[in-house]
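J.: Input: one structure, supplied below.
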Amino acid sequence: MPELVALRRQGPIGVITINNPPVNALSPGVPEGIRAALEAMRGEEAIRAVVLIGGGRTFIAGADIKEFGKITSGEKQRGAGLVPFLLEIEDFPKPVVAAIHGAALGGGLEVALACHHRVAAPSARVGQPEVKLGIIPGAGGTQRLPRLAGVAKATAMCAQGDPIPAEEALQFGIVDRIMDGDLAAGAVEFAQEIAGRGEPPRKTRERGEKLLRDPSNAAILAAAREQAAKKQRGMIAPLKAIDAIEAATKLSFEEGCRAEAALFQECLFSDQSKALIHVFFGERAVAKIPDIPPETAAIAIRQAAIVGAGTMGAGIAMAYANAGIPVILKEVEQQALDGCLARIQKNYSDSVNKGRFTQQWVDERRALIQPSLSYDGFGEADIVVEAVFEGMDLKKQVFAELNKVCKPEAILASNTSSLDIDQIAAATLRPQMVIGHHFFSPANVMRLLEIVRGKATSREVIAASMALARRLGKVGVLVGNCRGFVGNRMYHQYQRQAQFLLEEGARVEEVDGALYKFGMAMGPLAVGDLSGLDVSWRIRKEYRHLEEPGARRPLAADRLCEMGRFGQKTGAGWYRYDESRKPIPDPEVEKLIEQCAREAGIERRKIAPEEIVERTIYGLLNEGARILEEGIALRPVDIDIIFLNGYGFPAYRGGPMWYADTVGLQKVYERIRQFEQLHGALWTPSPLLKQLAEQGKTFAAAG
Ligand code: CAA
Ligand code: NAI
């Protein structure tokens, strides 16, 4: 029997343990091992029932995701999948009990569903998260789960992909019992109890009571389709998962499994699935920094402090408190501090009202935030995050103060969105402790944390920052120090193209509409209105002296700001806003843009949505290629993860660099060259892009 699976006998119960660390994925060898163990016990009279349990930290996290890439690339033939194996478990003549701790996800839950009974540790979670990988359950999950949990619950689980806790699984009949204490011992006892009943094993596929072929199924499925179209806009897999569940409500189990297999296959070979699998591994890859081995000593973070209780300071304080880390929040003015605390309080109350957190949880978090108007207590802080106004002189002053009040081993992080970390570090006598922690607004919600490495930043500070990001529930991505770092530097090109397109003839809602349809969470002009047009206006003014004389620049954004149209906060920007904050296209803005175009000598024309997407997205990724050349991003995937988590880029397109590979770098390069001929030097292709295109390579292969 392969070592991945072990069998021991405990009296009349056979215990099969899966040992495939780290997460007991169903890699080649695991199903074979389980099958061999079952076969060994089939004819053993002394064995009355079987327990299937995971060794290590979890039950089974699903199919081995690495295998999917081998199948779609043709490296490996797809066999019959797990379906026949699960039928063998279900048809085993003695009761098989799945004992679940950690997680039973995807193929892992499907294995458990094929067992005759399921028991779970109180902290266990079960789910069918396949849609998050652009696929659907492929081993009978869409057929067995509705038989156990009912059509509505199964549809929600398979179409949305969020795992549920053990308690909820019990409530819906997915697990039979929750086991406090030692799970293995409890499961063996449970198996003995079942064996003692002497009943034939209960096959999930033969249970029809919750699969009512009644008219309410149609309404459940229709509502799920509507929700998927809205909440998982542009994604194929959720709709296919619902189709598969519908098959369960209309067909026999065998026919339903065949329908599921066809839908699974369709999803597996889709571009969306390849992109989402890239994202799954990408999110884990960004945590690996080539020159910082995992054993690097990390600095323990027990107490934090923040300087500046503005928009960002408030969000960052909540992010720390939510992770259970006490945090001092320092302001200069009482009024600003009170305002900030009121915003924090409101945010927490809203979360309670929406049922996201309990009042007790919120009260405990709120108590971790300690307001202050002085540096008292900063001496104990293991990390300080500076979030004062964006200005080099002020930042230097604050860091010089921190140098005096903080202990030598404290991490000093700046939340600057554009300034030079090395200059800020030079205001201290310990530049090795200084780093950029670029949070995104709202900082308690957005998953991205750009971690900016200065030239002196120590490895320990970087390792601690990466670990901290994870603790805060964020994806930390390490980037180099340059103006705008990775995200904002690339986004600037995208925004700029969006504005050029307006002057060339596209309407505001056409630009936003084309990019929304492409899958962006919001169009670039609506984003500008949301974050405030004055912010980038101030930055543009500060850096104007660095612009090449005579270089083309869009005019309308400055004019809007001169008119006091800063976006949503002033009720008007690129759009007008009513009470409900709904953007309303504004003829005034169209007139203003026409005027700007006349001044710039641009003849306006009709612009197709495809061109809008190419101009903006290719602008973004040409800059991304430069960032790679300069080593500001470690790998193309780092850029992808930044855009997915901080800028609303659609995950099913894998991120800008992955998307470029999907389009084909030759095609992208040729189009950029055409733009260069039409629009000038701003479009000079990055040498890396040129080289890869000419060699017929991809970013993924080069990165
Ligand atoms: N296949 C292959 N590798 C996997 C894996 C899987 N199903 N799940 C996790 N891993 C790998 C990760 O890539 C990571 O590798 P590195 O250490 O090399 O980076 C390692 O296992 C540990 O994973 P995490 O860092 O994510 O560990 P965690 O403790 O934070 O989370 C988890 C554990 C909740 C199980 C999480 O890994 C997870 O969600 N895994 C994926 C679950 C999933 O999507 N399952 C469905 C698979 S598709 C399927 O099953 C189709 C079907 O119907 C047959
Ligand atoms: P803000 O204007 O909302 O808040 C800044 C706060 O700092 C003010 O309340 C001010 O009173 C306070 N402050 C100034 N000097 C101080 C001092 N010496 N001690 C303590 N408090 C002081 O600004 P915001 O938007 O929160 O930005 C802060 C920083 O975060 C800036 O560097 C900005 O570039 C960066 N950032 C902003 C993002 C955003 O979307 N707003 C996103 C990411 C980064």
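The values are calculated or read from the model by the stated rules, or taken from the named source; none is laboratory data. Keep in mind that this is a model prediction, so the values were computed, not measured. Cβ sites come from the backbone with ideal geometry, for glycine too, and all protein chains shown count toward neighbours. Surface areas here come from the heavy atoms of the whole protein model, side chains and all, with no ligands, DNA or RNA. Shrake-Rupley method; radii C 1.70, N 1.55, O 1.52, S 1.80 Å.
J.: Roughly how many whole Å is it from the C-alpha centroid of region 257-301 to that of region 324-356?
T.: When both Cα centres are located, 35 Å separates them.
J.: Quick one: angle between helix 271-285 and the longest Cα principal axis of the chain, in degrees between 0 and 90, rounded to 10, please.
T.: 80
J.: For Cα pairs less than 8 Å apart in space and 6+ apart in sequence, what is the mean separation divided by the residue count of region 648-703, i.e. the relative contact order in percent?
T.: 38
J.: Place +1 on the Cβ of every Lys and Arg and -1 on the Cβ of every Asp and Glu in the chain, take the dipole about the Cα centre, and give the residue among A597, Q10, Q495 whose Cα lies farthest towards its positive end.
T.: Of A597, Q10, Q495, it is Q10.
J.: Projecting each Cα onto the charge dipole of the chain (Lys/Arg +1, Asp/Glu -1 at the beta carbon, about the Cα centre), which of I220, V388, P587 comes out farthest on the positive side?
T.: Working it through, the farthest residue towards the positive pole turns out to be I220.
J.: Tell me, what does the Kirkwood hydrodynamic radius of region 411-509 come to in angstroms if you use every pair of distinct C-alpha atoms?
T.: Roughly 14.6 Å, rounded to one decimal.
J.: Next question. Filter the chymotrypsin sites (Phe, Trp or Tyr not before Pro) in region 326-402 down to the DSSP loop ones having no more than 15 other Cβ atoms within 10 Å, then list what survives.
T.: Within region 326-402, the qualifying chymotrypsin sites (Phe, Trp or Tyr not before Pro) (loop, at most 15 other Cβ atoms within 10 Å) are F389.
J.: Give me the net charge of L478's neighbourhood, meaning all other residues with Cβ under 9 Å from the Cβ of L478; Lys, Arg count +1, Asp, Glu -1.
T.: -1
J.: If you place +1 on the Cβ of every Lys and Arg, -1 on the Cβ of every Asp and Glu, and leave all else neutral, what size is the dipole of the chain about its Cα centre, to the nearest 20 Debye?
T.: That gives a dipole near 240 debye.
J.: To continue, here is another question. Sort K697, K606 from largest to smallest accessible area, using a 1.4 Å probe on the heavy atoms of the protein chains.
T.: So, going from the largest accessible area down, we get K606, K697.
J.: How high is the relative contact order of the chain, in percent, with contacts defined as C-alpha pairs under 8 Å that are six or more residues apart?
T.: 9 percent.
J.: Find the accessible area per residue for region 404-536; the probe is 1.4 Å, ligands and nucleic acids are left out, and the unit is Å².
T.: With the other protein chains kept in place, region 404-536 gives 33 Å² per residue.
J.: Quick one: which of 170-178, 113-121 comes out on top by average Cβ neighbours within 10 Å, and what's the full order, highest first?
T.: 113-121, 170-178
J.: Still on this structure, please answer the following. log₁₀ I(q)/I(0) of region 574-676 at q = 0.10 Å⁻¹, via Debye over equal Cα point scatterers, no solvent, to two decimals?
T.: At q = 0.10 Å⁻¹ the computed log10 ratios are -0.43.
J.: Something else: Roll a 1.4 angstrom probe over the protein heavy atoms and tell me the percent of accessible area of the chain that is carbon or sulfur.
T.: 54
J.: Hey, what angle do you get for helix 508-518 against the long axis of the chain, alpha-carbon based, 0 to 90 degrees rounded to 10?
T.: 30
J.: Please go through region 273-373 and write out the trypsin sites (Lys or Arg not before Pro) that DSSP classes as loop and that have at most 14 other C-beta atoms within 10 Å.
T.: When the trypsin sites (Lys or Arg not before Pro) of region 273-373 are filtered for loop state and at most 14 Cβ neighbours within 10 Å, K288, R302, K354, R356 remain.
J.: Also, quick follow-up: Computed from the mean reciprocal separation of all distinct C-alpha pairs, what Kirkwood hydrodynamic radius does region 333-458 have, in Å?
T.: 16.1
J.: Which order do you get for L688, L145 if you rank them by accessible area with a 1.4 Å probe, largest at the top?
T.: If we order L688, L145 from most to least accessible, we get L688, L145.
J.: Under the rule of -39500 (n - 2.57) per DSSP H run of 4 or more residues, summed and divided by the residues of the chain, what mean residue ellipticity at 222 nm is obtained, to the nearest 500 deg cm²/dmol?
T.: The per-residue figure over the chain is -15000 deg cm²/dmol.
J.: Could you go through region 36-41 in sequence order and give the Karplus-derived ³J(HN,Hα) for each residue, using 6.51 cos²θ - 1.76 cosθ + 1.60 with θ = phi - 60°, rounded to whole Hz, and x for Gly and Pro?
T.: Karplus values, whole Hz, x for Gly and Pro: 5, 5, 5, 4, 4, 9.
J.: Quick one: length gained pulling A600 to R544 fully straight, 0.36 nm per residue minus the C-alpha distance?
T.: Taking 0.36 nm per residue and subtracting the Cα distance, the gain is 18.4 nm.
J.: Kindly rank 488-499, 594-605 from highest to lowest mean number of other beta carbons found within 10 Å of each residue.
T.: Ranking, from highest mean packing down: 488-499, 594-605.
J.: Let me ask something additional. Take every Cα-Cα pair in region 190-335 and report what % of them are more than 25 Å apart.
T.: 65
J.: Measure out, as a whole number of angstrom, how far apart the alpha-carbon centroids of region 1-75 and region 452-494 sit.
T.: 40
J.: Using the crude model of +1 on Lys and Arg Cβ and -1 on Asp and Glu Cβ, and no other charge, please compute the dipole size for region 533-591 relative to its Cα centre, in debye to 20.
T.: 80
J.: With θ set to phi - 60°, apply the Karplus curve 6.51 cos²θ - 1.76 cosθ + 1.60 along region 466-481 and write out the HN-Hα couplings as whole Hz, x wherever there is a Gly or Pro.
T.: Couplings: 5, 5, 5, 3, 4, 5, 7, x, 10, 9, x, 10, 7, 10, x, 9 Hz.
J.: Now a separate question. Please work out the C-alpha center-to-center distance from region 576-619 to region 94-173 and express it in whole Å.
T.: Distance between centres, Cα-based: 48 Å.
J.: Modelled label-to-label distance, M563 and A300, 7 Å Cα→beta-carbon offset: nm?
T.: 5.9
J.: While we're on this one: Taking N as the number of residues in region 498-647, what is its alpha-carbon radius of gyration divided by 2.2 N^0.38 Å?
T.: Relative to the 2.2 N^0.38 Å estimate, region 498-647 comes out at 1.09.
J.: With charges set only on the Cβ (+1 for Lys and Arg, -1 for Asp and Glu), what does the dipole of region 156-256 come to about its Cα centre, in debye to the nearest 20?
T.: In debye, rounded to 20, region 156-256 gives about 560.
J.: Could I ask something else about it? Would you mind getting the accessible area per residue of region 1-139, heavy atoms of the protein chains only, 1.4 Å probe, in Å²?
T.: 35
J.: What does the C-alpha gyration tensor say about the overall shape of region 266-406? Classify as rounded when a/c is under 1.5, otherwise prolate if a/b is larger than b/c, or oblate.
T.: Verdict is oblate for region 266-406.
J.: Find the Rg to Rh ratio for the chain, where Rh is the Kirkwood radius over alpha-carbon pairs and Rg uses the same atoms.
T.: The Rg/Rh ratio comes out at 1.01.
J.: Taking only Cα atoms, what is the 0 to 90° angle, nearest 10, from helix 665-679's long axis to the longest principal axis of the chain?
T.: Value to nearest ten degrees: 20.
J.: Just going by the charge dipole of region 53-193, with Lys and Arg at +1 and Asp and Glu at -1 on Cβ, which of I164, A112, P84 is farthest out on the positive end?
T.: Result: P84.
J.: With 15 Å as the cut-off, how large is the P(r) tail for region 65-157, expressed as percent of Cα-Cα pairs?
T.: Of the Cα pairs, 64 percent sit more than 15 Å apart.
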